[in-house]
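Contents: one structure, followed by commentary.
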Amino acid sequence: MQSGAIRPLTNMLPRNLFNAEHEAFRETVRKFYAKEVVPNIEKYEQQQHVDRELWNKAGAMGLLCATMPEAYGGSGVDRLYSMILIEEQAYAMDSSTGFSLHSDIVANYINNFGSETQKHYWLTRMASGETVTAIAMTEPGTGSDLQAVRTTAVLEGDDYIINGSKIFITNGYLCDMAIVVCKTGDSEKGSANLSLIIVEADRVGFSKGKPLNKIGMKGQDTCELFFDHVRVPKENLLGLEGMGFMMLMKELAWERMLVAIICQAGAEAALAHTVQYTKERKAFGKSISSFQNTRFKLAELRTEIDFCRAYLDRCMQLQLEDNLGVDAAAAAKYKISEMFSKVVDECLQLHGGYGYMLEYPIARAYLDNRANRIYAGTNEIMKELISRSL
């Protein structure tokens, strides 16, 4: 039994976010994952990254940077299109493609803070899939503490000289460009001297480690990046020097929403697979789904999933209105990632011994989901952010 796309159960409360154009886009995304991604998931897991040409195919179909302005190669659509892309990735039980980080995080930094030259050059290439991008924040020893960043960028004439390293970088192995979080001033001033600098992967002194050997999300390109006296022109600075922390904070709320969306859809997919399995699996002469314990457990999970769906969709409405608070986004990331972990654990239990076999989708989901409570800020950081609003 192989991993593959499955349609989630119909929500007990109908969703009202999407129109006909959104649903047409969803069908396009669904077909892309069914044709180009699902048949190759095992291959991607073995090589620890997707094929480079997958990015070009996604770009040709308009699946990359869709929310960017048309002038820069995007389609100028709303963020519901991003939501659809992430949901369909989760329904396909895929954790390999790094499209959302490229299209919904890196692209937003460039669109919001870049110069016209940077926007025209980078966003058009990102939308076509010609350029794959990464955001290089985390360093060995820093974790969620961005103020502890030690990578430096020292201005020397008309160039910045960058030294340091980054770890756990999604799309790092295949990236053609990375936005690198650097200290551009007094290292003792914490976040006050953080800056974002565009660094092309072919710069002398920029090197990449091998894909990291993770317990899950094995097909996703994740590696270390190293900067040894990398020289870049000062025109590669994104926005203003010393404003990096402010720029990061502006986009982190949306990044946390992205995690909440994939966790929500992942939980829906896990439940749908489990409902199907319990109907087909026999024990003591009848289907597992006919036992009261199974029915009650599925009912509990269904209720938790639908409650989280209602909250998440409301957050998306606020996001579209540009009224989503940092605390609400943190709550979505925290609660829904915790819910996903509970759902996938209970669903694996209902599969019995087969749930521990990697050829079953629930086993992959069990391994892949755990990182959601760590990246984009750990769930402990989310609680800290929520507590500040009390």
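Mind running the shape call on the range 20-132? Use the C-alpha gyration tensor, a ≥ b ≥ c as the square roots of the eigenvalues: rounded below 1.5 for a/c, prolate if a/b tops b/c, oblate otherwise.
oblate
Grab the Cα-Cα distance for residue 276 and residue 71, subtract it from 0.36 nm times how many residues apart they are, and report the gain in nm with one decimal.
Gain on extension, residue 276 to residue 71, equals 69.3 nm.
Take the alpha carbon gyration tensor of the chain, find the square roots of its eigenvalues, order them as a ≥ b ≥ c, and report rounded if a/c is under 1.5; if not, report prolate when a/b exceeds b/c, else oblate. Walk me through the numbers on the way to the answer.
Working: a/c = 1.80, a/b = 1.75, b/c = 1.03.
Here the chain falls in the prolate category.
Please identify the longest segment of the chain free of exposed trypsin sites (Lys or Arg not before Pro), where exposed means a DSSP state other than H, G, I, E or B and no more than 13 other Cβ atoms within 10 Å. Please report the intermediate quantities before stating the final value.
Working: sites that count: 15, 388.
Result for the longest clean stretch: 16-387.
Just check the range 136-217 against the gyration tensor rule for me: Cα atoms, a ≥ b ≥ c as the square roots of the eigenvalues, rounded for a/c under 1.5, and otherwise prolate or oblate depending on whether a/b exceeds b/c.
In terms of gyration-tensor shape, oblate.
Please identify every one of the GluC sites (Glu not before Pro) in the range 270-318 that sits in a loop by DSSP and has no more than 11 other beta carbons within 10 Å of its own beta carbon.
none
Go through the range 99-186 and name the GluC sites (Glu not before Pro) that are in a DSSP coil and have 14 or fewer other Cβ atoms within 10 Å of their Cβ.
130
Whole-Hz ³J(HN,Hα) for each residue in the range 201-211, computed from phi via Karplus 6.51 cos²θ - 1.76 cosθ + 1.60 with θ = phi - 60°, x for glycine and proline: what do you get?
5, 8, 5, 4, x, 8, 10, 10, x, 5, x
Using the alpha-carbon centroid of each, what span in Å lies between the range 318-342 and the range 357-390?
Here the two parts' Cα centres lie 12 Å apart.
Sorting 82, 289, 387 on the 10 Å Cβ count, fewest up front, what's the list? It would help to have the intermediate numbers written out before the result.
Numbers: 82 23, 289 17, 387 10.
The most exposed by this proxy come first: 387, 289, 82.
Among 337, 201, 355, pick out the residue whose Cα is farthest towards the positive end of the charge dipole of the chain, where Lys and Arg carry +1 and Asp and Glu carry -1 on C-beta, about the Cα centre.
355
Where does each of 115, 165 land when they are ranked from fewest to most other beta-carbon atoms within 10 angstrom? Intermediate results must be reported in sequence, preceding the final value.
Values: 115 13, 165 17.
Least to most surrounded, the residues fall as 115, 165.
How big is the dipole moment of the chain about its Cα centre under a simple scheme where the beta carbon of each Lys and Arg is +1, that of each Asp and Glu is -1, and everything else is neutral? Debye, nearest 20, please.
Computed about the Cα centre, the dipole is about 1400 debye.
Per the helix-only calculation at 222 nm, which mean residue ellipticity applies to the chain, given -39500 (n - 2.57) for every DSSP H run of n ≥ 4 and division by its residues, nearest 500 deg cm²/dmol?
-13500 deg cm²/dmol
Here, each number is a calculation from the coordinates, and none is a lab measurement. Bear in mind the structure is a predicted one, so any value in this text is a computation, not a measurement. As a convention, Cβ positions derive from the backbone with ideal geometry for all residues, glycine included, and neighbour counts pool all protein chains shown.
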